[in-house]
Each structure stands twice: as structure tokens, then as C-alpha cells.
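Every number in this text was worked out from the coordinates using simple rules, so none of it is lab data. Remember, it's a predicted structure, so these values are computed and weren't measured experimentally. Because the Cβ atoms are built from the backbone with ideal geometry, glycine has one as well, and the counts that use them run over all protein chains shown.
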Amino acid sequence: MVADQDLVRHLSEASVSVSLETPEMTLNIGPQHPSTHGVLRLVARVDGERAYDVHPVIGYMHRGYEKLSEVRTYPQITTLVNRIDWVSGYANEVPFIVAAEKLMQVEVPERAQYIRLILTEMARISSHLIFMASYPLELGAATPLFFALRERERMLDLLESVTGGRFHPNFNRIGGVKPAYGSGSQTRKVLQDLPAGFFAETRDAVGHVLGVADEIETLVAGNEIILARTKGIGVLPVEIATSFGVSGPNLRASGVPFDLRKVEHYLPYDKFDFEIPIGENGDCWDRWWVRLAEIRQSARIIQQAIDGIPSGPLQAKVPKVIKVPKGETYVRAENPKGEMGYYLVSEGGQGPYRLKIRSASFSNLSILPWILEGVLVPDIIAIMGSLDFVLGDVDR
Amino acid sequence: MTSSPSETETAVHPLQAFADRVAEVVGGVAEITFDTVKVKVPVERWVEIHRQARDDLGLVFFSWLSAVDWTLDVAVGDPPGGEVIDRFEMLTTVGDVSEGKRVTFTADLSKESPVIDSLVEVYAGANWHEREAAEMFGIRFEGHPDLSHLYLVDSFIGNPLRKSYPLLSREVKPWPGTVDVEGMPGSAAEPDEPSEENPEA
């Protein structure tokens, strides 16, 4: 067995001189990638398993709404703005309409305000349920999707029964709300109102949402793989978040109990009892947990609003042709994704002179180069997903 | 620019104390326009004032930055109702994350050389907002790390949000067009009455 001994000696003498070569390479993610929630492209420099200098490329969905709204009338603009963040289209309309009403000094009937509030919270639930569905999916868990989307569909059906649209309700009017044709009374002479049985069905649906929140919590919070993928990953400190303008659940996950529903008075949230869930560490896990807790709080708000909704008209008296007096204001609202605001400059015409749209996802996404610096490549997906952005809300 | 009549009539606006404090700390002219505190500041002290707002007033949250193109010579939309001075009005809104206080700072830039210092050093989030304002209005931000196009393709020429920039679809098809909307079911008896928006119909 001489040959074998030679081989053994040869192998034992051979020193392993091969160092692992990890040449830097450029990794391109998107624009067409399921985790980009639209069309987002990331260009990253990858060294081994880590990503550096992440450079987001946006604008694939830029539709120029700020320019378009300069040639549209106020009632037409709600059609545009509910396409900004299409996952919660209804919620986008509210701050714009409130801004116009503020300049016109229109007092909106209380019933209309309650209906706006109920539908906004339903939009929040459906937006957060999309997150509950897609985020575990991006981490490899498909089951929560079926639970979440089933209840989201219930919410969207109810939204549709009132507004006539699942995604693009176009439901708010300056001075009130306008239920879909055919809902409420059958004769057009009588005041239109919400469809019969809406409140009973909403109460039922909210009960289902609370149930599915528990189910999702059992499915996800007990999953060790998801915990390992999200705990301590993508930590966002408060100072960084505020300086980038990160708002909404992403900011609250970093431990800031700041919710525009409590401090701005665009809808009568002060009449309801609800909490602001906050996270402890600002990691991906906390961002997931805060949204789950917000679903439960929104359900609470809806239940209270149904109990307390006053009767009365749905529309204040406004001129047939809407002209907004000269003035400017900034109205912001707590949307599912964060702070959504409109800086409205009116010069007394039928349309705005300038409409600056402050969308939540734009600022939330601008954190990416900071938060993705030096993370593992698979964590890119985990962190991006946890920020819950929609590219329509980024690109406007 | 204007404040509502009710504000001038009532004694003190709830935000007046805050507006006075901002004006005192940063040095500028504060006004309250429809529940929005707006402070006009000199363009030379733009960065300094934002630093003061962040450090001395606790307005740590960067909400947004943009501009308004003021001119009577507009290619799209309606011109302003009254006389205006040709200028770009820079706007930023910053706020706190506890009580919901916020202030909108504004400064005027000349049309000939719209240049202003970049806020990236003070608020990191200004980066993208300034890139957007740069491509949309042609404003130059001194000290910005990378003013490349954000939304528009690199080869795009022009600054679309300037009032002088035409909206091409409007050039092809003037507004308003003819009314081709059908009546609602059951309302067929109502004749199409010419509305105020559309005298041609």
C-alpha cells in the first residue's frame, strides 16, 4: 500500500493556500421583484454575503399627480389621489378633502365625519392585513396570507357596498360623503345613506378581523424561523427615523408613541378610546407587531364609532361649482403607511394653484440606503418588507 | 398668504403662542394660515434656521420640502388671482413627535438664479426631497451630495413643475372637451344644461 501512503503524505503536506476570493459585485434587485411592492429597483454593491452602498432607483410609476392637479378641479382630484397608495385608497382622499374644506370653511356634518372615520379605519385594517399577508410570504411562510386576505376581502366588500369601489372609492365630496348610486334609499328624491345592514355586517366583519388577528399571531409569533429572521434585524433608531421623516407604524415601532390621530383634528378621533401600540427595539419584528396591534385598535375604533354614530345629513351645503377661496394650508393625516399630507395653495379658482403631496412611503423608503448598509443579502428582503411601502405612494 | 377672517376676528389663535416662540427663536415673520404656522425666513439663514428649529425647538421630524412657482405667466392651469412677484417659494415643514407641533418655513428665491443651501446636513431626509425639487423646479441645492434625477429619466430635459412647462396632453386636446357623460339611470328626462365649467357644451 505504498501509493496510499504517498497520497496520505502528499495530502498532509499540502497546505491549504486557497483563500476565499470574494470579488465585489453589483447586485441588481428589481424593478420586477415580488418584494418590491410595485416597481422598485435596488442597486447594491455586494461583498460576500453583505450589501453596501444600496442605491434605490425609483420613478417607474411616477404619474405626475402634482402637475395634473393643477389642471383639474377639486372634485376631480379625489380620483387622482386615491390612486397614490392604492392599498388604502380611501384614506388618501380624506386629508385632501379636509384641506379644501378648511380653506372653504365648510362645516362637515357629524354623520359624514363618522362615516369617513369608519371607512378610514377599514382602509387601515385592509392595508395592514395586506402586510400581514405579504410579509410572512416574503420570509417564506405562505399560510398567513390565506387568513389575512380572506378577512381583507370582507372589508373590501363592505367598502365597495358603500362607495362602489374596492380600491378607488372616490367617495368623499367637499362638505361630506356620497354613497354609491343605489345604496340607501331606492328613490333619488330621498336622502341617500349607507346601504341597509351595513353596520350589522361591519360589526360582524370586525369580529372576524379580531379573530384572524389572533390566528395570525399564533401562526407567526410562534414561528421560530420568522423570529430568527426578524428579531434584531433592521434596527431603526429614533433619531435616524425622525431625521429621515419616517412616520407611522415604522416610527412607532422604534418606541415613539406619536400618532397623528391623537394630535391633528382632521376627523373626530378624540371621541374614541384607543391606544397607540409602540415597539421596543425598532427592528423588523416590532414593525410587524405594531401593525398587528393597530389592526386590533382600529377594530376597537370602528366598534365605538358604530355605537356612537349620529344621524343627520351626509352633505353640507356647498355651491354647485366648487371654488376654493384664496389661501394655503397643510393638512396631514395618519394613514396606514404614515404621515400623508397635502399642502394646498389656492388662488380662488376651481382647481389648486399648487398641490404638494406628502406621501408616507416616499420618506419611509428614503431610509433604505441607511438601513441596508452592511446587512446580509437575505435580510434586504426582510427589512424592505417590514417597512411596508407601496411604490404608488413613493412615486405619486 | 391670507389668514381667514375668523382668525382676525377672534382674540388669539390657539397656535399663536407657538408661532410667536418660533419667530422669536429663529427670527422671522410668523403667520397662521388656516391652522398652519408659516414662518418666512431670509434665504441666507436657511440652514441655520433649520438647525435652530431642530435643536432649540425640538422639531426633529422632517416632514417635507418643496416649492411653489409664483408667476402670472402660466402655461397650464389658472394664473394667480392677484398680482404676484415672480419667484420660487421654498417650503419645508418640520415637526415634533410628541405634541404634534409643526411649522412651515418659507423663503423666496429669484427666478434668475434659484440657488439655496442644502438641508441634508441638518435633516438627512431632505436628500430625496431636494432631488425632487431640483428636477421638478430647476432649483440648485448647494452642498447636496448627489443632485441626479430622482423620478425622471436621466435624459429628461426641462423642469415639469414650473408653471412655464406645458402639459403635453393639454396641448394636444384642449380642456374642457365636450361633455360625453351619460345621465344617471332614470334621469334621462333632465336635459343637458350648460354648466359653468363648460360653456361650450
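Structural remarks
- Annotation: extensible slack from B:Glu44 through B:Glu24 equals 5.4 nm (criterion: 0.36 nm per residue apart, minus Cα-Cα distance).
- Global dimensions of segment B:1-135 from alpha-carbon coordinates: Rg and Dmax equal 15.5, 43 Å.
- Segment A:206-327: translational diffusion in µm²/s, Stokes-Einstein, Kirkwood Rh over Cα pairs, 10 °C, 1.306 mPa s: 93 µm²/s
- Going from the residue with the fewest nearby Cβ atoms within 10 Å to the one with the most, A:Thr143, A:Thr202, B:Thr106 rank A:Thr143, B:Thr106, A:Thr202.
- Applying the Karplus relation 6.51 cos²θ - 1.76 cosθ + 1.60 with θ = phi - 60° to segment A:140-148 yields 3J(HN,Hα) values of x, 10, 8, 5, x, 4, 5, 5, 5 Hz, where x marks Gly and Pro.
- Calculated FRET efficiency, A:Glu153 to A:Asp270, Cβ-Cβ distance, R0 = 22 Å: about 0.10 to the nearest 0.05.
- A:Glu110/B:Ser164 FRET efficiency (R0 51 Å; Cβ-Cβ; nearest 0.05): 0.70
- Computed from Cα positions, the angle between helix A:2-13 and the longest principal axis of chain A comes to roughly 50 degrees.
- Distance between modelled label sites at B:Asp86 and A:Leu7, nm, 7 Å Cα→Cβ extension: 8.8 nm
- Cα extents for the protein assembly as shown along the principal axes, largest to smallest and rounded to whole angstrom: 108, 61, 51.
- Pairs from the table (A:Lys178/A:Lys337; A:Lys178/B:Lys111; A:Lys320/B:Lys163; A:Lys262/A:Lys356) lying more than 32 angstrom apart at Cα are A:Lys178/B:Lys111.
- Sparse-neighbourhood loop sites, chymotrypsin sites (Phe, Trp or Tyr not before Pro) in segment A:89-184 - DSSP loop, at most 14 other Cβ within 10 angstrom: A:Tyr181
- Net charge of neighbours whose Cβ lies under 10 Å from the Cβ of A:Ile309, counting Lys and Arg as +1 and Asp and Glu as -1: -1
- Net charge contributed by nearby residues that have their C-beta within less than 10 Å of B:Phe18 (K/R +1, D/E -1): +1
- Inter-label distance, nm, simple model (7 Å from Cα along the C-beta direction), A:Val238/A:Lys326: 4.4 nm
- Sparsely packed loop sites in segment A:35-117 (the GluC sites (Glu not before Pro) outside DSSP H, G, I, E and B with at most 11 other Cβ atoms within 10 Å) comprise A:Glu49, A:Glu107.
- Computed from the C-beta positions of A:His208 and A:Ala316, the FRET efficiency with R₀ = 41 Å rounds to 0.75.
- Likely footprinting exposure, B:Trp128, A:Trp86, fewest C-beta neighbours within 10 Å first: A:Trp86, B:Trp128
- With the simple model of a label 7 Å out from the Cα in the direction of the Cβ, B:Val153 to A:Glu49 spans 4.0 nm.
- Computed helical MRE - 222 nm, chain A, DSSP H runs ≥ 4 contributing -39500 (n - 2.57), nearest 500: -14500 deg cm²/dmol
- DSSP finds beta bridges in segment B:84-144, and of those with both partners inside it, around 75 percent are antiparallel.
- With Cα atoms, 0 to 90° folded angle of helix A:284-308 axis to chain A main axis: 20 degrees
- Tail weight of P(r) past 23 Å, computed on alpha-carbon pairs of segment A:251-396, percent: 52 percent
- Relative exposure of A:Tyr269, A:Tyr52, judged by other C-beta atoms within 10 Å (fewest first): A:Tyr52, A:Tyr269
- Cα centroid separation - segment A:188-264 against segment A:326-344, whole Å: 20 Å
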